[in-house]
1. If we scan the range 90-105, do we find a residue that is in contact with a Gly (Cβ under 8 Å, 6 or more places away or on another chain) and either modelled with pLDDT of 95 or more or assigned to a loop (DSSP other than H, G, I, E, B) (or both)?
2. Just to be sure I understand, how many residues within the range 1-41 are near the ligand (Cβ under 7 Å from one of its atoms) and among the acidic types (Asp, Glu)?
3. Considering only the range 157-215, how many residues are in a helix (DSSP H, G or I), among the basic types (Lys, Arg) and buried (at least 20 other Cβ atoms within 10 Å of the Cβ)?
4. For the range 79-108, give me each residue that is open to solvent by 40 Å² or more (accessible area, probe 1.4 Å), away from the ligand (no atom under 16 Å from the Cβ) and free of Cβ contacts under 8 Å to residues at least 60 places away in the same chain.
5. Please enumerate the residues belonging to the range 109-126 that are open to solvent by 80 Å² or more (accessible area, probe 1.4 Å) and of a type outside the set (A, V, I, L, M, F, W, C).
6. Please go through the range 11-34 and pick out each residue that is farther than 22 Å from Arg193 by Cα and either open to solvent by 40 Å² or more (accessible area, probe 1.4 Å) or touching a residue at least 40 places away in the same chain (Cβ under 8 Å) (or both).
7. Mind listing just one residue for me: the one in the range 58-78 that is touching a helix residue (DSSP H, G or I) at 6+ places or on another chain (Cβ under 9 Å) and more than 16 Å from the ligand (Cβ to nearest atom) and, of those, least open to solvent (accessible area, probe 1.4 Å)?
Amino acid sequence: MQLEGKTVFITGAGAGIGRASAERCAAEDARVVVTDVDSDGGAETVERIEDVGGEATFYELDVRDADAFDRLVETTAEEFGLDVLVNNAGIGHPPAVVEETDRDTFERVLDINLRGVWNGCHAALPVLKGQGSGAIVNVGSLASILGLPKQSVYSLTKGAVLNFTRAVAAEAGPHGVRANAVCPGFIDTELGRQYFESQDDPETVRERMTAQYPLRRLGDPDEIAACIAFLASDDSSYVTGHGLVADGGYSAW
Ligand code: NAI
């Protein structure tokens, strides 16, 4: 899988899956534009990439800010070119049934998980379509294909991300631009840990959940990064409008 000569722009790359993807893409010889609201995390990602000889630059970006997203995509395209956008930034929410989920949670999760992805595509598509090539990888979830109880807002946004990805693929395909989603199962990151910590008995919940995965373990960020790098690379040149499920077999039965 080769990303040599490509510039990959990743949101939420200061931790977790975003950081692992930035490191993986850089290891495949891409120049990586690392963006995040967390400047310390973003700077650390860049440091880790540069320490092993990769090329990366950090820019602070809150994906909710459409104008800032537009400006940064424009700057990136001018300075380095733009080949791939990975819309990874996303948040979860404390478990609660619909009627006990407060409106602030609803607004916050929609703003980052949905508006953020839309802002990214809105900013990048003119550049990618204009040059007649490029790839977008949106990070969905198992919640893109299953409705998770007490995760209704998360499920709402991640289901929409997958269908939005298909719409983008249909629109942008004739211009040489692909759009795909990665749908991870439970991955050991800060977001994953927050979920367990919100449970009464985190250890038991973790054990029960792990037992439901045919591979009998939760996923590692590097395993999702590998899927993202594949969908970003020309190895997936005939794949578009697809939701690549990487869930240790959870949805298989
Ligand atoms: P994480 O919490 O470890 O990292 C998320 C990163 O996004 C952080 O660096 C954070 O600062 C950044 N971020 C948060 N809000 C932002 C904003 N408004 N603008 C820009 N950056 C922002 O989370 P993780 O687990 O790496 O999640 C990444 C993506 O993967 C998310 O879209 C998440 O929904 C998805 N995912 C995660 C799963 C898991 O089990 N960890 C499972 C399925 C999907």
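1. At the first step, the residues of the range 90-105 found to be in contact with a Gly (Cβ under 8 Å, 6 or more places away or on another chain) are 90.
Right, trim to either modelled with pLDDT of 95 or more or assigned to a loop (DSSP other than H, G, I, E, B) (or both) and you get 90.
The answer is yes; a qualifying residue exists.
2. Selection size over the range 1-41: 2.
3. Of all residues in the range 157-215, those in a helix (DSSP H, G or I) come to 157-175, 190-197, 202-212.
This time we only want the ones that are among the basic types (Lys, Arg), so: 158, 166, 193, 206, 208.
Subsequent filtering for residues that are buried (at least 20 other Cβ atoms within 10 Å of the Cβ) retains 158.
Result for the range 157-215: 1.
4. Once the filter is applied, which keeps residues that are open to solvent by 40 Å² or more (accessible area, probe 1.4 Å), away from the ligand (no atom under 16 Å from the Cβ) and free of Cβ contacts under 8 Å to residues at least 60 places away in the same chain, the range 79-108 yields Glu79, Val97, Val98, Glu99, Glu100, Asp102, Arg103.
5. Let us first name the residues in the range 109-126 that are open to solvent by 80 Å² or more (accessible area, probe 1.4 Å), namely 115, 118, 122, 126.
Within the range 109-126, Arg115, His122, Pro126 meet the criteria.
6. Arg24, Cys25, Ala27, Glu28, Asp29, Ala30, Arg31, Val33
7. Result: Ala77.
Residues checked against (1) among the aliphatic types (A, V, I, L, M); (2) at pLDDT 95 or above:
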position: Ser152; (1), (2): no, yes
position: Ser155; (1), (2): no, yes
position: Val161; (1), (2): yes, yes
position: Ser198; (1), (2): no, no
position: Val205; (1), (2): yes, no
position: Leu215; (1), (2): yes, yes
position: Ala229; (1), (2): yes, yes
position: Ser236; (1), (2): no, yes
position: Val239; (1), (2): yes, yes
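The values are calculated or read from the model by the stated rules, or taken from the named source; none is laboratory data. For clarity, every value in this text was computed on a predicted model and none was experimentally measured. Neighbour counts are summed over all protein chains in view; Cβ atoms, including those assigned to glycine, are modelled from backbone coordinates with ideal geometry. Each accessible area value is taken on the protein alone, full model and side chains, heavy atoms only, with ligands, DNA and RNA left out. Shrake-Rupley method; radii C 1.70, N 1.55, O 1.52, S 1.80 Å.
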